[in-house]
Each structure stands twice: as structure tokens, then as C-alpha cells.
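A.B. asks: This is the structure, below, for whatever I ask next.
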Amino acid sequence: MNTAKHYIANAWVEPAQGGTIPVYEPANGAVYTHLARGTAEDIDRAVQAARAALGDYFDGPWGGLSAMERGRLLTKLSDAVLANHEELAQLESRDTGKVMSTARADTTALARYFEYYAGACDKLHGETLPYQAGYTVLTVREPHGVTGHIIPWNYPMQIFGRSVGAALAAGNACVVKPAEDACLSLLRVAELAAEVGFPAGAINIVTGLGHEAGSALSAHPGIDHISFTGSPVTGSRVAEAAARRHCPVTLELGGKSPQIVFADADLDAVVPVVVNAIIQNSGQTCSAGSRLLVERSVYEPLLARLVTAFNALQVGPPASDSQLGPLVNKAQQDRVRVILDQAREEGVTIAAQGATHPDAVADGYYQAPILFRDVAPTHRLAREEVFGPVLVAMPFEDEAEALRLANGTDFGLVAGVWTNDGARQMRLARKLRCGQVFVNNYGAGGGVELPFGGVKSSGYGREKGFEALLGFTSLKTIALKHG
Ligand code: NAD
């Protein structure tokens with residue numbers, strides 16, 4: 001693997017302008033490698049490679065493969081990921097600061113995405129439709145063509161798996177722009193894809209900065225669909241560029257997801273799930289359970305348990321046995337610190353704070369987990385995505401208030417409902433404005449099979465599950481008059 005080159009058409013390619021970007025290790029803040037600094041020329045080269053792989057009429061080396069053949073290649077790629085599991089997990093952990101247990105789980109999930117979409121390739125089909133006498137009408141699902149994938153740094157392998165896996169299964173050729181902080185595992189996966197037999201140009205990776213390589217991808221006329229995961233501001237920029245040339249977009253823009261705990265819930269079951277849903281990946285999870293809404297009568301007992309749990313947590317280097325690792329970069333650490341300093345100055349009550357491992361050096365991007373209590377629903381902490389291990393708790397009086405609070409942010413990605421009242425479970429599940437509801441559990445980021453995506457500022461379109469395949473295809477209707 002050559003980290004300072006792009007991977008285009010199954011080959012390591014020098015950046016056209018020759019620049020590089022330093023890669024910092026979150027555990028210690030030191031530069032440990034460099035990436036190619038991609039520009040519009042590199043994106044163009046990758047798009048040409050993808051187009052050639054598809055062929056003019058889906059008759060190229062990749063476009064001409066049958067669904068079964070695509071599925072077999074994805075199966076081989078899944079197996080290759082498992083065969084290189086530890087290497088990929090180590091790359092991801094060093095690059096992003098993830099503790100090894102998370103990096104290993106992400107690697108397993110990547111293999112599972114490829115496995116899932118391998119099996120789905122030849123189950124994706126159109127329909128026949130009733131129409132006028134003397135006609136046969138059918139629909140066919142065709143790939144968009146060249147799909148662009150702008151990947152964030154929080155779950156590079158998982159988000160690559162869910163978007164590139166589904167796009168390939170549907171027959172598209174992919175141009176991927178990973179986040180500047182998290183490219184290494186994906187470059188290696190692209191190399192593995194070539195080794196197992198993916199034709200040149202099916203998967204192309206161009207590294208670089210968002211406002212250079214990312215915006216060049218968003219604006220390229222040869223990109224037929226864009227899948228973006230990241231911040232709402234950048235999502236709007238990508239969608240605007242795509243809209244100028246009427247290119248469809250899927251946006252996954254994060255959330256401020258509530259966990260709603262009613263008095264009849266099993267608090268023993270609630271505590272570990274609520275803690276994990278906010279510390280997983282150091283809180284840098286779009287679907288993190290970052291707001292805790294608790295029915296007043298169990299507010300104090302639940303907080304007492306959470307205080308004990310938070311005080312026992314530790315942030316530390318990935319190699320330590322800590323439950324969470326450093327944040328991904330200095331900018332993210334500074335961003336989280338500014339929000340926390342403001343909350344402290346304003347007197348928001350800190351109920352508990354975890355510890356920092358003695359091996360966590362000062363130049364690393366460490367942030368201990370924090371539990372705030374009695375946070376006003378209007379406060380920034382309760383409305384904005386902090387993207388750090390920061391949980392805010394607030395009480396509610398009744399179901400109506402719980403629903404109002406839960407739906408009361410600009411986001412709508414995931415919600416958790418904790419109650420044993422079956423009618424209430426379904427009432428809330430239907431009235432919550434979001435893309436996924438978990439009842440008596442919470443799956444931050446989990447569920448390869450489960451369609452995932454948001455409403456409101458959390459974005460639109462769905463990834464994961466079979467639903468994602470529909471988004472990566474264009475439906476054509478063919479009406480045959482035969483008399
Ligand atoms: P970002 O949205 O700017 O970056 C995400 C991806 O978009 C990266 O690959 C980046 O290179 C690319 N990008 C940046 N500018 C671009 C542009 N003009 N055109 C095209 N692509 C561009 O996110 P960030 O600045 O790394 O993080 C800021 C905040 O975003 C975080 O603090 C967090 O709140 C949120 N975030 C959310 C998710 C998520 O999963 N929903 C992931 C990462 C970050």
C-alpha cells in the first residue's frame with residue numbers, strides 16, 4: 001500500500017498536482033504518514049476509469065458482469081476483509097484513534113456489509129405492471145452509472161461498506177473520497193478488491209481535502225449519484241453542487257438522538273445501553289444516543305446509576321484497556337472543548353465525569369466522557385451535535401412532554417424508547433419524527449440489514465438493508481404493445 005498515492009483503476013497513481021497532506025495519530029498528535037492531496041484532475045481521472053469499467057451500455061469489464069458474478073466478487077471481498085481482519089483493524093485504530101475493540105467490530109461489519117450485498121445482487125429485480133389490454137409493461141432497475149461516495153472520518157470502513165457495497169451490488173462503479181483523517185483502511189480495501197478480481201475502475205479512491213477533492217467530486221458532470229455522510233453544512237454544499245446538474249444525492253447528516261426512559265422501564269437493562277450509545281467511538285457516532293429524557297419519578301434513581309457508570313469510565317490510547325479512545329483530530333477536540341467550556345461557564349451541572357488513562361499523552365486528542373444533568377432543552381448542549389462523549393439528561397412529566405422534547409430539535413435520525421407498555425411503545429414509535437426507532441434497546445450504528453437515514457436536518461434517502469439498493473438504482477419502465 002502506498003498511502004501518498006490515489007488508488008485508481010487498480011493501480012497506485014501519483015496525485016496530478018503532486019501535493020500531500022499530513023496524517024496525524026490521534027493518540028499522540030504526531031504526524032506518521034502522508035496522503036495524496038487530490039484535485040479536480042485526479043477526480044476526473046477516477047471518473048474516467050469508472051466510466052470505462054462500466055462501458056457505454058453497461059457492457060464494460062465491470063458493467064458487463066451478471067448480478068451473480070458481482071455477488072461472487074463481493075463474497076470474495078468479504079472473505080478477504082476477514083482474512084486481513086487484524087491488519088485493517090490496526091490501520092483504522094491508528095488512523096482514527098478508535099480503541100481496538102471498536103476497530104475490530106468495524107472490520108467485522110465491513111465484511112458483513114459485503115456479505116449481505118453479495119447475497120442481494122441477484123435478488124434485485126423489477127416488476128410487471130397491469131396496464132391496457134394488448135400491452136405488457138415491466139420495470140427494470142438499472143445502475144445509476146458512476147456513483148460518488150464522500151465518506152466521513154468516524155466510521156470509514158462501515159460507511160464504505162454500506163454505501164460502496166450497495167452501489168457495487170446494484171452494478172455501479174464507484175469513486176470514493178474518504179475523509180482526510182481516515183483513508184488508510186479504505187486504500188487497503190480497494191487494493192484487496194483488485195486482488196480478489198474486481199475489474200479495474202470498479203472501485204477508485206481519491207484522497208484529499210474536502211474543499212478540493214470533495215467539492216470536485218460533487219461538481220463533476222460524470223458522477224451520476226452522490227452518497228454523502230457528514231455535517232449538515234457540508235451536506236448542503238454537496239447537494240447544491242449536485243442540484244446544479246440534477247444529480248441525485250443521499251445525505252446522512254447526523255443527529256441529536258433521544259433515549260426516552262419511562263418509569264416502568266427495566267433500569268438494569270437501560271444503564272449499559274445508554275452508556276454505550278454515547279461512549280461508543282468516543283461519541284463520534286451520527287446515531288449516538290446523546291440526549292437522555294427520563295420520566296420524573298425515576299430521574300434520580302437512573303441518574304444515580306449513570307453517575308456510578310460514568311465515573312468508572314476511562315479515555316485512553318487505543319492500545320490501553322480503556323473503554324474509549326481519543327477524538328479523531330485537533331479540530332474536533334477544540335470544537336468539543338469550546339462547547340463544554342461554554343456549558344461550564346453557564347453553570348450547567350456536571351453529574352459525572354470519567355477519568356483519563358495515565359498513558360494518554362498531552363498532545364493526544366483525549367476527552368473524558370461527561371454526563372450533564374437538568375439541561376434546558378433550549379441549551380446548545382441539548383440541540384447541537386457535539387460529536388464527543390457527552391450525554392445530556394433532562395426529566396419529563398408525561399408522554400406528551402417526552403414526545404415534544406424528543407421531536408424538538410432540528411434533527412431526526414434515531415430514537416430509543418424504554419417502556420414495557422406495549423401501546424405506548426407503538427404510539428411513540430409512530431409519532432417520533434426520525435428514521436429509526438429502537439424499543440427497549442438501542443443500536444447506535446448497528447444493523448447491516450436495517451434501513452438507516454433521517455428526516456429534517458438529519459438528511460434524506462436510506463442506506464443499509466435492501467432499501468439501499470433501490471436508492472443506488474434508477475427505475476426504467478418499458479411498455480410493450482403487442483396487441
Ligand atoms: P464534514 O462534513 O466537513 O466532512 C465529511 C466529508 O466531507 C469528508 O470526507 C470531507 O473531506 C468532505 N468535505 C468537506 N468539505 C467538502 C466540500 N466542500 N465538498 C465536498 N466534500 C467535502 O465534517 P467535518 O468537518 O469533518 O466534521 C464536522 C462535524 O460534522 C463534526 O463535528 C460532526 O458534528 C459532524 N459529522 C457528522 C458525521 C456523521 O456521521 N453524520 C460524520 C463526521 C462529522
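The values are calculated or read from the model by the stated rules, or taken from the named source; none is laboratory data. Values in this document were obtained by computation on a predicted structure and should not be read as measured data. Heads up, the Cβs are rebuilt from the backbone with ideal geometry, glycines too, and the neighbour counts pull from every protein chain shown. Surface accessibility is based on the protein's heavy atoms, side chains included, excluding ligands, DNA and RNA. Shrake-Rupley method; radii C 1.70, N 1.55, O 1.52, S 1.80 Å.
A.B. asks: Return yes when S297 is among the hydroxyl-bearing types (S, T, Y), away from the ligand (no atom under 16 Å from the Cβ) and assigned to a helix (DSSP H, G or I) and no when it is not.
C.D. replies: Criteria met by S297.
A.B. asks: Between V270, V233, which is within 16 Å of the ligand (Cβ to nearest atom) and either over 24 Å from R45 (Cβ atoms) or open to solvent by 10 Å² or more (accessible area, probe 1.4 Å) (or both)?
C.D. replies: V233
A.B. asks: Further, regarding this structure: Here is a check on your reading of the model: is N281 outside any strand (DSSP E or B), under 26 Å from L184 (Cα atoms) and at pLDDT 95 or above?
C.D. replies: yes
A.B. asks: Considering only the range 32-53, how many residues are crowded, with 24+ Cβ neighbours inside 10 Å and not β-branched (V, I, T)?
C.D. replies: Counting residues in the range 32-53 that are crowded, with 24+ Cβ neighbours inside 10 Å and not β-branched (V, I, T) gives 7.
A.B. asks: Among the residues that make up the range 101-112, is at least one of them of a type in the set (G, A, S) and farther than 30 Å from P317 by Cβ?
C.D. replies: No: the range 101-112 contains no residue that is of a type in the set (G, A, S) and farther than 30 Å from P317 by Cβ.
A.B. asks: Which residues, taken from the range 400-423, are open to solvent by less than 50 Å² (accessible area, probe 1.4 Å) and touching a Phe, Trp or Tyr at 6+ places or on another chain (Cβ under 8 Å)?
C.D. replies: Those that are open to solvent by less than 50 Å² (accessible area, probe 1.4 Å) and touching a Phe, Trp or Tyr at 6+ places or on another chain (Cβ under 8 Å): A402, L405, V414, A415, G416, V417, W418, T419.
A.B. asks: Now a separate question. Would a scan of the range 435-448 turn up a residue that is under 24 Å from T139 (Cβ atoms), buried (at least 21 other Cβ atoms within 10 Å of the Cβ) and of a type outside the set (V, I, T)?
C.D. replies: Checking the range 435-448: not a single residue is under 24 Å from T139 (Cβ atoms), buried (at least 21 other Cβ atoms within 10 Å of the Cβ) and of a type outside the set (V, I, T).
A.B. asks: Within the group L302, L327, which residue is buried (at least 22 other Cβ atoms within 10 Å of the Cβ) and either modelled with pLDDT under 95 or within 14 Å of K98 (Cβ to Cβ) (or both)?
C.D. replies: Going through L302, L327 in turn, the sole match is L327.
A.B. asks: Can you pull out every residue in the range 349-365 that is open to solvent by less than 20 Å² (accessible area, probe 1.4 Å) and either over 14 Å from L313 (Cβ atoms) or under 24 Å from the mean Cα position of the chain (by Cα) (or both)?
C.D. replies: G364, Y365 - these are the residues of the range 349-365 that are open to solvent by less than 20 Å² (accessible area, probe 1.4 Å) and either over 14 Å from L313 (Cβ atoms) or under 24 Å from the mean Cα position of the chain (by Cα) (or both).
A.B. asks: Could you check D321 against (1) within 29 Å of C183 (Cβ to Cβ); (2) modelled with pLDDT of 95 or more; (3) open to solvent by 20 Å² or more (accessible area, probe 1.4 Å) and say which number it fails?
C.D. replies: Single failed check for D321: (2).
A.B. asks: Restricted to the range 207-227, and to residues that are open to solvent by 10 Å² or more (accessible area, probe 1.4 Å) and in contact with a helix residue (DSSP H, G or I) (Cβ under 6 Å, 6 or more places away or on another chain), which residue is farthest from the ligand (Cβ to nearest atom)?
C.D. replies: G222
A.B. asks: Same structure, new question: Which condition does W153 not pass, out of (1) more than 9 Å from the ligand (Cβ to nearest atom); (2) touching a helix residue (DSSP H, G or I) at 6+ places or on another chain (Cβ under 7 Å); (3) open to solvent by 20 Å² or more (accessible area, probe 1.4 Å), if it passes all the others?
C.D. replies: W153 satisfies every listed condition except (1).
A.B. asks: The conditions are (1) out of contact with any Leu (no Cβ under 8 Å at 6 or more places or on another chain); (2) more than 9 Å from the ligand (Cβ to nearest atom); (3) open to solvent by less than 10 Å² (accessible area, probe 1.4 Å), and A166 fails exactly one of them. Which is it?
C.D. replies: Failing condition for A166: (1).
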